[in-house]
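As structure tokens, the structure follows; a few thoughts come after it.
The values are calculated or read from the model by the stated rules, or taken from the named source; none is laboratory data. Just so you know, these numbers come straight off a predicted model, no measurement behind them. Every residue, glycine as well, gets a Cβ built from its backbone with ideal geometry; the counts of neighbours run over all protein chains shown.
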Amino acid sequence: MSAGVIDSAVTRSGQRSNRLATLWQGRWKYLAGAIMITLALVMLLPIYATVTASVKLPSEAAAIPPTYFPQTFSIESYAKLWDYQHGLPRYLFNSFATAFLAIIFTVCLTVPAGYALARFPIPGKELLFVLLLTSLIIPYQALLTPIFLMFAQLKLTNSLVGLAIIHTAIQLPFSLYIMRNSFESIPKELEEAAVIDGCNTFQLLIRICIPSVVPSIVTVALFAFITSWNEFLGALVMLNKGEMFTLPLVLAASRTVNMLGGTDWGMLQAGVTVSIIPCVGVYLLLQKYYVSGLLTGAVK
């Protein structure tokens, strides 16, 4: 067999291998796309069911088996939710005020603490950091009884400030982890140059370090907001006055409203829809900072 024939056979074999590789690569892309679409549908279907149930007539929302599309579009459930007990605006204000306070407390505590743990020569700071992180393995639900007794003595029960303190305590370990690693990722040459220019420690933090970790601060704020907005058990323990309830408590209380012998599912799903909107909106607005800040703070 001549060398030309052998080379031709090798060339054809290589071409077939390349075609097969390209074919399988294209199939894997379609398979990955199908898997992603399936996962997206699994995640979106409950939200779709919630939103559609909220715009159905109360009788249709409670129907068994449920209808997949509203036969009659109605905002009756939202109107009932708006006037429920002390009114939806009051509960939204309580939830937003608590979340805003939790964000302020969390950021004001974790930014200087993270900077100190990252830059100051504190004796045993690594052990201290690990001890602070161990609170992540302790469920805060186990601490609610002593916290309630302590807050009762401090007159912080039935208070949005007291509830915000609990939400801050829940979020502190993870936020401190993010901020400490973010400050450690800042090149020390920047700080040395600022010190040469005459900056003291406070000016160094405000003018150099904080602008460099804005994405991480946004990430901490976003997690604090979502944690506070969705938290239920702490609010249930700390609040017993209806006018101080947050939105999750109202949603739980609305299940006791009788409608056709049971829960008013239309009003309940309207409340769930209202509670979803702020979380989705805040995430979409801050998504760019959230992703970069989470990666910066999670990787040392």
**Asked** So which of PHE100, PHE93, PHE73 ends up being under 30 Å from SER59 (Cβ atoms) and either over 19 Å from the mean Cα position of the chain (by Cα) or surrounded by fewer than 17 Cβ atoms within 10 Å (Cβ to Cβ) (or both)?
**Response** PHE73
**Selection status of ALA152, assigned to a helix (DSSP H, G or I), in the same structural domain as ASN230 (by TED's automatic domain parsing) and closer than 26 Å to TYR91 by Cβ** = yes
**Prompt:** Among the residues of segment 168-210, which ones are in contact (Cβ under 8 Å) with a residue 24 or more places away in the chain, aliphatic (A, V, I, L, M) and either in contact with a Gly (Cβ under 8 Å, 6 or more places away or on another chain) or farther than 23 Å from LEU131 by Cβ (or both)?
**Reply:** ILE170, LEU176, ILE178, MET179, ILE186, LEU205, ILE210
**Item:** Qualifying position, being β-branched (Val, Ile, Thr) and modelled with pLDDT under 85, among VAL213, VAL272, VAL257
**Value:** VAL257
**Message:** Tell me the residue from GLN171, GLN203 that is exposed (fewer than 15 other Cβ atoms within 10 Å of the Cβ) and of a type in the set (S, T, N, Q), please.
**Reply:** GLN203
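Mind checking which residues of segment 201-247 are outside any helix (DSSP H, G or I) and farther than 24 Å from GLY114 by Cβ?
Scanning segment 201-247 gives PHE232, LEU239, ASN240, LYS241, PHE245, THR246.
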**Request:** For segment 182-193, indicate whether the set of residues that are modelled with pLDDT of 85 or more, more than 30 Å from ASN240 (Cβ to Cβ), hydroxyl-bearing (Ser, Thr, Tyr) and in the same structural domain as LEU236 (by TED's automatic domain parsing) is non-empty.
**Result:** yes
**Prompt:** Given the structure, is LEU160 in contact with a Ser or Thr (Cβ under 8 Å, 6 or more places away or on another chain), within 18 Å of THR106 (Cα to Cα), in the same structural domain as ALA97 (by TED's automatic domain parsing) and of a type in the set (A, V, I, L, M)?
**Reply:** yes
